[in-house]
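Quick note: the coordinates plus some simple rules give every number you see, no bench work behind them. Being a predicted model, the structure only gives us computed values, none of them experimental. Here Cβ is always computed from backbone atoms with ideal geometry, including for glycine, and neighbour counts include all displayed protein chains.
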2 protein chains.
Amino acid sequence: MTRYSVSVHITPRRGVLDPQGQAVGGALRTLGFAGVRDVHVGRYVIVEADADSEQAARDDVSRMCERLLANPVIEDFEIATVSAK
Amino acid sequence: MTRYSVSVHITPRRGVLDPQGQAVGGALRTLGFAGVRDVHVGRYVIVEADADSEQAARDDVSRMCERLLANPVIEDFEIATVSAK
């Protein structure tokens, strides 16, 4: 067993309303950042877990996203990095 | 002016309590993911903004993090990617 660190991006699906992103975008423009066109706010989750291989760690975290970390109705997830510790 | 997409990772500082990460780790183990050792939950923010250059876009978003997006007392931020659209 090796310890792996797996990072995941969880983002609102395209086409789903993203009120948090809209609020942040409006706040940034109010602060003077006039160039801001669009903002999306998602989650960045880092899971440190023991697994037999890098592929097993990646598969485990995909299942964690499907079962708990992401809401598949309104969110997409993407494994960003997998590294042995 | 070019449109850039800048993504940022905002994470709890090492040493700062991360109750959300602890709760998610506990929930994953309860679901049967026995290999989970540690979980950290942060935010993943994508800013689409007009800027004169890639460096200017990066600098703008760093300032946005300092002023609004991240809480410097308890969070670190890191520009993950900058790409022209």
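Across the identical copies, the 7 Å label point of residue A:34, projected outward along Cα→Cβ, sits 6.2 nm from its counterparts, in ascending order.
Need one value for B:45-54: mean number of C-beta atoms belonging to other chains within 10 Å of its residues' C-beta atoms. If you can, show how the numbers build up before the last one.
Numbers: counts 9, 8, 12, 7, 9, 4, 1, 1, 0, 0.
So the per-residue partner count for this stretch is 5.
The trypsin sites (Lys or Arg not before Pro) of the stretch B:3-57 that DSSP puts in a loop, and whose beta carbon has at most 11 other beta carbons within 10 Å, are B:14. Closest approach of a chain A beta carbon to the axis mapping chain A onto chain B (residue, whole Å): A:44, 2. Note on chain B: helix-only mean residue ellipticity at 222 nm, from DSSP H runs of 4+ residues weighted -39500 (n - 2.57) and normalised by residue number, equals -8500 deg cm²/dmol. In nanometers and ordered shortest first, the copy-to-copy spacing of the residue A:71 label point, defined 7 Å from Cα toward Cβ, is 2.2. Computed from Cα positions, the angle between helix B:19-30 and the longest principal axis of chain B comes to roughly 50 degrees. FRET efficiency for the residue B:55 to residue A:81 pair, using the beta carbon distance and R₀ = 22 Å, is estimated at 0.35. Between the helical axis of B:54-64 and the longest alpha-carbon principal axis of chain B there is an angle of about 50 degrees.
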